[in-house]
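The values are calculated or read from the model by the stated rules, or taken from the named source; none is laboratory data. Quick caveat, the model's predicted, so the values are computed rather than measured. Positions of Cβ are generated from backbone atoms using ideal geometry, with glycine treated the same way; all protein chains shown enter the neighbour counts.
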Amino acid sequence: MATVESSLLAGHGYMADFFVPAAVVAGQVLIREATATDVGEVADPATTTSAIAMVGVAQNAATFDATPSADPRYDLGGNLLFVANSLENLVRVEINPFAVYRFPIAGGTAAGTVLQPSTATPANILAQDTASASVITETAVGTINMAGGLIKGRTGNNVGQIRKLNAHSNSVSTTAGIAFLNTDVVGDTYIRVPYSRMVAALQMTTNFVEANGIIATGTGALFRVVRVFIDEQNDVASVHVVHAGHFYGGGALT
């Protein structure tokens, strides 16, 4: 699930509770509900590639009930009390136009999908077919162009080394713009993802809680990448982003 990791400016955001028009899951992206006649204040993004007027990510799961069994309860300071039957129709969100959000990278459109192995096409994990210091020859690169993303040595002669990809040949190879320190051998493996600090987009999974890692670089909603983390020992990765059109940061409303 997506989480608020930090902020570009010191301090935390403002915690607020919003009415929801339907059930939401913890960690999902929420945008402004723009329809005056709708019962909610926040809503799901329209698509996995759009997050216009983002409000934040859900701190908790919430349900919707037009005829609730209990009214939300607050303390004297106006803070929502997380007690039984008190979360119907409300979700808590940390409002911060400068928030850095951490999205786990999934190996596809569904959250929780592992990074795709070299037996799949297209793959995140690539196995070298021809020894080289910069070109990874592997048919499993498929037709997804991740040039502009990052690649990191997973096993073999270049473990832990990370480079920016700058070329792609459909179903043939992908190329690191700066050579790795060592010429690899056939069978050495690498992990690639379509994100780097030059990327100004993030495509979400279908439930808006993770980042899709099997896409062409530059595809998705208006997020700016701050950091990419690739754990080559456990075959997991995450992308850390800020949103370019936050509702409380002067972002476009349409």
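Within segment 189-204, track down each residue that is assigned to a strand (DSSP E or B) and either out of contact with any strand residue (DSSP E or B) (no Cβ under 9 Å at 6 or more places or on another chain) or under 22 Å from VAL55 (Cβ atoms) (or both). Show your work before the answer.
Here is the first cut: in segment 189-204, the ones assigned to a strand (DSSP E or B) are 189-193, 202, 204.
Correct list: LEU202, MET204.
Please verify whether ALA84 is modelled with pLDDT of 95 or more and part of a loop (DSSP other than H, G, I, E, B), treating the condition exactly as stated. It would help to see each step written out before you state the result.
Numbers: modelled with pLDDT of 95 or more: no; part of a loop (DSSP other than H, G, I, E, B): yes.
No, not satisfied.
Given PRO97, PRO122, PRO117, which one is in a loop (DSSP other than H, G, I, E, B) and closer than 26 Å to GLY250 by Cα? Break it down into steps so the answer makes sense when it comes.
Working: PRO122 fails: closer than 26 Å to GLY250 by Cα; PRO117 fails: closer than 26 Å to GLY250 by Cα.
Just one listed residue meets the conditions, PRO97.
Do you know which of the residues in segment 210-249 that are charged (D, E, K, R) and surrounded by fewer than 24 Cβ atoms within 10 Å (Cβ to Cβ) is nearest to PRO122 (Cα to Cα)?
The first filter runs over segment 210-249 and keeps only residues charged (D, E, K, R), leaving 210, 224, 227, 231-232, 235.
This time we only want the ones that are surrounded by fewer than 24 Cβ atoms within 10 Å (Cβ to Cβ), so: 224, 227, 231-232, 235.
On the way: ARG224: 24, ARG227: 23, ASP231: 20, GLU232: 18, ASP235: 16 Å.
Result: ASP235.
Could you count how many residues in segment 156-179 are of a type in the set (S, T, N, Q), within 23 Å of GLY108 (Cα to Cα) and surrounded by fewer than 22 Cβ atoms within 10 Å (Cβ to Cβ)?
Counting residues in segment 156-179 that are of a type in the set (S, T, N, Q), within 23 Å of GLY108 (Cα to Cα) and surrounded by fewer than 22 Cβ atoms within 10 Å (Cβ to Cβ) gives 6.
Tell me which of these THR174 doesn't satisfy, since it passes every other one: (1) outside any strand (DSSP E or B); (2) at negative phi.
Here THR174 clears every test but (1).
Exactly one condition in (1) free of Cβ contacts under 8 Å to residues at least 24 places away in the same chain; (2) in contact with a strand residue (DSSP E or B) (Cβ under 9 Å, 6 or more places away or on another chain) is not met by THR37; state its number.
Just one mismatch for THR37, condition (2).
Strands (runs of 3 or more DSSP E) wholly in segment 1-58 with at least 3 residues that are in contact with a helix residue (DSSP H, G or I) (Cβ under 8 Å, 6 or more places away or on another chain) and either modelled with pLDDT under 95 or surrounded by 14 or more Cβ atoms within 10 Å (Cβ to Cβ) (or both) - which ones?
Working: elements: 3-7, 14-19, 29-32, 54-57.
Per the criteria, no element qualifies.
Which is assigned to a loop (DSSP other than H, G, I, E, B), of a type in the set (S, T, N, Q), crowded, with 16+ Cβ neighbours inside 10 Å and out of contact with any Cys (no Cβ under 6 Å at 6 or more places or on another chain), of ASN207, ASN182?
Going through ASN207, ASN182 in turn, just one is assigned to a loop (DSSP other than H, G, I, E, B), of a type in the set (S, T, N, Q), crowded, with 16+ Cβ neighbours inside 10 Å and out of contact with any Cys (no Cβ under 6 Å at 6 or more places or on another chain): ASN207.
What single numbered condition from (1) in a loop (DSSP other than H, G, I, E, B); (2) buried (at least 17 other Cβ atoms within 10 Å of the Cβ); (3) among the hydrophobic types (A, V, I, L, M, F, W, C) fails to hold for ALA131?
Single failed check for ALA131: (2).
I'm trying to understand the selection: among the residues of segment 210-251, which are in a strand (DSSP E or B) and touching a Pro at 6+ places or on another chain (Cβ under 8 Å)?
Of everything in segment 210-251, those that are in a strand (DSSP E or B) and touching a Pro at 6+ places or on another chain (Cβ under 8 Å) turn out to be ALA211, ALA221, VAL236, ALA237, SER238, HIS243, HIS246.
Identify the residue in segment 143-155 that is of a type in the set (A, V, I, L, M, F, W, C) and in a loop (DSSP other than H, G, I, E, B) and, among all such residues, is surrounded by the fewest Cβ atoms within 10 Å (Cβ to Cβ).
Once the filter is applied, the top-ranked residue is ALA147.
Report every pair of residues separated by at least 6 positions or lying on different chains whose Cβ atoms are under 8 Å apart, first residue within segment 1-25 and free of Cβ contacts under 8 Å to residues at least 60 places away in the same chain, second surrounded by fewer than 16 Cβ atoms within 10 Å (Cβ to Cβ).
From segment 1-25, the pairs are PRO21/ASP38; PRO21/VAL39; ALA23/ALA61; ALA23/THR63.
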